[in-house]
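The values are calculated or read from the model by the stated rules, or taken from the named source; none is laboratory data. Source: prediction; values computed, not measured. Heads up, the Cβs are rebuilt from the backbone with ideal geometry, glycines too, and the neighbour counts pull from every protein chain shown.
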Amino acid sequence: MSIAILFNQKDPLVWMKQLKEKLPEEKIEIYPAIENKDEVEFLLTWKPHQGYVNEFKNLKVVQSVGAGIDHLLHTPIPESIKVTRIVDPALKQDMFEHVLMCIMASMKNTMLYYNDQLNRSWLPKSYQSIHSTTITILGMGEIGKFVAVQLKNLGFQVQGWSNSPKKIDGILTFAGRDALFDSVRTGDFIVNILPLTEETKELLSHSLFQQMANQPVLINVGRGGHMKDEDLVTALDNGLLKAAYLDVFHQEPLEIDHPFWTHPNIYITPHIASITNPDTAIDLVIENYKRFKSNNELQHVVDLKRGY
Ligand code: GLV
């Protein structure tokens, strides 16, 4: 049996080095340099190509190196294969820090002042304060819930929407499709941290933007597939939304001629909100590998029917 690393848009060498150090007995290879694909039972992967599972006929575990697994699902995965994901405290903290950066930059006009500086313009603007700011988090899974609680602890009013009901002290929660519109009505910031599934695809579209009564700022750190791009541009142009901070896109890197690049109220980061750090995540991968080898239950197994 062997372990294969199959990465696109991520450097496999640092993972390889750590795995070799911590699992010195195992055969570990980086795709496409795999001696015998039939030996591969454990695949560590990020954004694999179409058809990847079919190349390894004895594959038993697909371990995503991200929190999300949507990047694996373009190819049907047989039920005999377990799919697992990374749940790492460092990922949650990083996501919180990124979301907080976007919120504070917007509340205190950071980007606007930067533009003013380029023009040598002295233009004081009104600013928002934490105690009077309401944030709606869409997606109250491991990461969303953590971000929500941290923001609440800072003094923001926080509300959260998720598919299934959640009860969290001091946070107003909404559950199910019927409650979605209510959850965004009063938010000054709408933060999307949902997993991408058939149900959540293009959820960030005109029908939802229309419900947002406070001309909020939208922060998308979920997936590009959550967004109907043309609806976002219309909502910004019509004043339904004040601005958008986007970290994820349908196509990454974002196409060079995409209208988001030049929109005055869109702020782009290149999918860096929260990146799996091998130093902290490697132990989880190794733990799962050891569990797999000793026939024990794996951690953070994904329900493929739900998609998260
Ligand atoms: C990043 O987007 C991840 O899924 O971890």
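So the check is Cβ under 6 Å with 6+ separation or different chains; which pairs have a first residue in segment 56-68 that's among the polar types (S, T, N, Q) and a second one that's assigned to a loop (DSSP other than H, G, I, E, B) and crowded, with 22+ Cβ neighbours inside 10 Å?
64/85
Return only the number of the condition from (1) free of Cβ contacts under 8 Å to residues at least 60 places away in the same chain; (2) within 26 Å of residue 250 (Cβ to Cβ); (3) within 23 Å of the chain's Cα centre (by Cα) that residue 151 does not satisfy.
(2)
Filter segment 280-303 down to residues that are touching a strand residue (DSSP E or B) at 6+ places or on another chain (Cβ under 8 Å) and in a loop (DSSP other than H, G, I, E, B) and give me whichever is farthest from the ligand (Cβ to nearest atom). Lay out the reasoning, then the answer.
Pass one, segment 280-303, residues touching a strand residue (DSSP E or B) at 6+ places or on another chain (Cβ under 8 Å): 285, 288-289, 292, 298-302.
Filter again for in a loop (DSSP other than H, G, I, E, B), leaving 298-300, 302.
On the way: 298: 18, 299: 16, 300: 12, 302: 12 Å.
Among residues in segment 280-303 that are touching a strand residue (DSSP E or B) at 6+ places or on another chain (Cβ under 8 Å) and in a loop (DSSP other than H, G, I, E, B), the one farthest from the ligand (Cβ to nearest atom) is 298.
Name the helices (runs of 4 or more DSSP H) wholly inside segment 173-240 in which the number of residues that are touching a strand residue (DSSP E or B) at 6+ places or on another chain (Cβ under 7 Å) and at positive phi is 3 or more.
Numbers: elements: 180-185, 206-209, 229-237.
The helices (runs of 4 or more DSSP H) meeting that bar number zero.
Can you tell me which residue among 277, 220 is under 30 Å from residue 24 (Cα atoms), within 16 Å of the ligand (Cβ to nearest atom) and touching a residue at least 12 places away in the same chain (Cβ under 8 Å)?
Numbers: 220 fails: under 30 Å from residue 24 (Cα atoms).
Of 277, 220, the one residue that is under 30 Å from residue 24 (Cα atoms), within 16 Å of the ligand (Cβ to nearest atom) and touching a residue at least 12 places away in the same chain (Cβ under 8 Å) is 277.
Can you confirm whether residue 166 is of a type in the set (Lys, Arg) and under 17 Å from residue 147 (Cβ atoms)?
Values: of a type in the set (Lys, Arg): yes; under 17 Å from residue 147 (Cβ atoms): yes.
The answer is yes for residue 166.
State which residue is nearest to the ligand (Cβ to nearest atom) when the search covers only segment 70-81 and only residues that are under 21 Å from the mean Cα position of the chain (by Cα) and over 11 Å from residue 47 (Cβ atoms). Working first, answer last.
Here is the first cut: in segment 70-81, the residues under 21 Å from the mean Cα position of the chain (by Cα) are 70-75.
Still in the list and also over 11 Å from residue 47 (Cβ atoms): 73, 75.
Working: 73: 13, 75: 17 Å.
This residue is 73.
With respect to residue 259, is the statement that it is of a type outside the set (A, V, I, L, M), more than 21 Å from the chain's Cα centre (by Cα) and either within 16 Å of the ligand (Cβ to nearest atom) or over 23 Å from residue 18 (Cβ atoms) (or both) true? Reasoning before the result, please.
Values: of a type outside the set (A, V, I, L, M): yes; more than 21 Å from the chain's Cα centre (by Cα): yes; either within 16 Å of the ligand (Cβ to nearest atom) or over 23 Å from residue 18 (Cβ atoms) (or both): yes.
Spelling it out, residue 259 is indeed of a type outside the set (A, V, I, L, M), more than 21 Å from the chain's Cα centre (by Cα) and either within 16 Å of the ligand (Cβ to nearest atom) or over 23 Å from residue 18 (Cβ atoms) (or both).
Scan segment 244-256 residue by residue and report those that are acidic (Asp, Glu) and within 13 Å of the ligand (Cβ to nearest atom).
Start the filter on segment 244-256 by keeping residues that are acidic (Asp, Glu), which leaves 247, 252, 255.
Across segment 244-256, the qualifying residues are 247, 252.
If residue 265 passes every condition in (1) within 16 Å of the ligand (Cβ to nearest atom); (2) in contact with a helix residue (DSSP H, G or I) (Cβ under 7 Å, 6 or more places away or on another chain) but one, which one does it miss?
The one condition residue 265 does not meet is (1).
Here is a list: 206, 250. Which entry is under 25 Å from residue 66 (Cα atoms), without any contact (Cβ under 8 Å) to a residue 60 or more places away in the chain, surrounded by fewer than 17 Cβ atoms within 10 Å (Cβ to Cβ) and in contact with a helix residue (DSSP H, G or I) (Cβ under 8 Å, 6 or more places away or on another chain)? Explain how you work it out, then say what you get.
Values: 206 fails: under 25 Å from residue 66 (Cα atoms).
After ruling out the rest, the residue left standing is 250.
Being over 24 Å from residue 225 (Cα atoms), surrounded by fewer than 15 Cβ atoms within 10 Å (Cβ to Cβ) and not β-branched (Val, Ile, Thr) narrows it down to one residue among 32, 76; which is it?
On the way: 76 fails: over 24 Å from residue 225 (Cα atoms).
Going through 32, 76 in turn, just one is over 24 Å from residue 225 (Cα atoms), surrounded by fewer than 15 Cβ atoms within 10 Å (Cβ to Cβ) and not β-branched (Val, Ile, Thr): 32.
Which condition does residue 6 not pass, out of (1) within 13 Å of the ligand (Cβ to nearest atom); (2) farther than 17 Å from residue 292 by Cα; (3) in a strand (DSSP E or B), if it passes all the others?
For residue 6, the failing item is (1).
Just a yes or no: is a residue in segment 227-234 under 24 Å from residue 100 (Cα atoms), over 21 Å from the mean Cα position of the chain (by Cα) and either modelled with pLDDT under 95 or more than 15 Å from the ligand (Cβ to nearest atom) (or both)?
Within segment 227-234, one or more residues are under 24 Å from residue 100 (Cα atoms), over 21 Å from the mean Cα position of the chain (by Cα) and either modelled with pLDDT under 95 or more than 15 Å from the ligand (Cβ to nearest atom) (or both).
Of the conditions (1) under 23 Å from residue 297 (Cβ atoms); (2) more than 16 Å from the ligand (Cβ to nearest atom); (3) surrounded by fewer than 18 Cβ atoms within 10 Å (Cβ to Cβ), residue 56 fails just one. Which one is it?
Unmet condition: (3).
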